[in-house]
């Protein structure tokens, strides 16, 4: 396997703040307001290599003008972020709301064409509950299945895969090369209270349209795929502290998809298991997932052969190790892959077989709120027919945060 190299050298990182690690806290009557956010921006120089077509592959190959070398300024996996959270205690209930905005740090629209990139709006939710019986969440937030996978990915404050487009927005990190994107979903979720380290969450999620299997040539069929019930997602997690601290978790998801043009439906399911532990300056994370019709990279994408009415199996995961040296710099090494099987009867086509990524990273805090990040990423996408996409990228990041 011929691996190409993606090198990400990041400048300063401002990470997103949370209630537990607040940004600017403002008393407002019965409420406490927290204004938090981050800014990060990378200058990218990318050389691509393409050998055939890989549908669903991570990697550009060439840009829209046929060039195999591109430049751009992007955020990393974590977008620029501005969030507002309000909390209060009323009538024996903890009540909270969160609204956030994710503007881009660059655009490719040109000086006289305005900003073509639409800002993201990833969070708008309220919660209420009590530590005695748990918490209810209503609104849009990070999905539950695979949520811990992205939150424990060391490239969350870096780049990872997918830094190849001029004026692009976020990169992929380990999405598609180790886990399926959890996405940001409308949901009604219940989380149990913390019971000696154990907690569980179950939710119904908005029946969004799921990307169909783009390997099917019948695009008229693909365009009519929709969910005909609420999705169901759940997670169970156990956390502990001590000299060796950490957490283990399992999560899963289930959706029904219907193709109205063919009057057919099928159930898509996926589950995962992961663990993250730390001892002193050493941190270790391991993660694995399997899916039945769940596809790869984005939930449901390429997960079904609509011409044969058959689901495709998928699996993948990542492992990573980090260590903080005496200078305060965190060094990290990670490997991830996402695999997609052909359906019964398919053979040797352009459908992606695997997306793989190696990452070597260094994350250095210049100040409490400013980090330098350097990443060295090797990524490759391979099809079932033997085609492949590869990329070499140099990314220079400058960012900062309110945390």
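Using 0.36 nm per residue and subtracting the Cα-Cα separation, the extra length available between residue 26 and residue 69 on full extension is 10.8 nm. Spin-label model, residue 53/residue 278: points 7 Å from Cα along the beta carbon direction are separated by 4.6 nm. When only alpha carbons of the range 251-381 are considered, Rg and Dmax amount to 19.3, 62 Å.
Cα extents for the range 322-394 along the principal axes, largest to smallest and rounded to whole angstrom: 56, 22, 18.
Site pair residue 241 and residue 93 shows an inter-label distance of 3.0 nm when each label is modelled 7 Å from Cα along Cα→Cβ. Treating r as the C-beta distance of residue 194 and residue 313 and R0 as 35 Å, the FRET efficiency rounds to 0.50.
We did not get these values from a lab; they are worked out from the coordinates using the rules stated. Small disclaimer: the values here were computed from a predicted structure and weren't measured. Because the Cβ atoms are built from the backbone with ideal geometry, glycine has one as well, and the counts that use them run over all protein chains shown.
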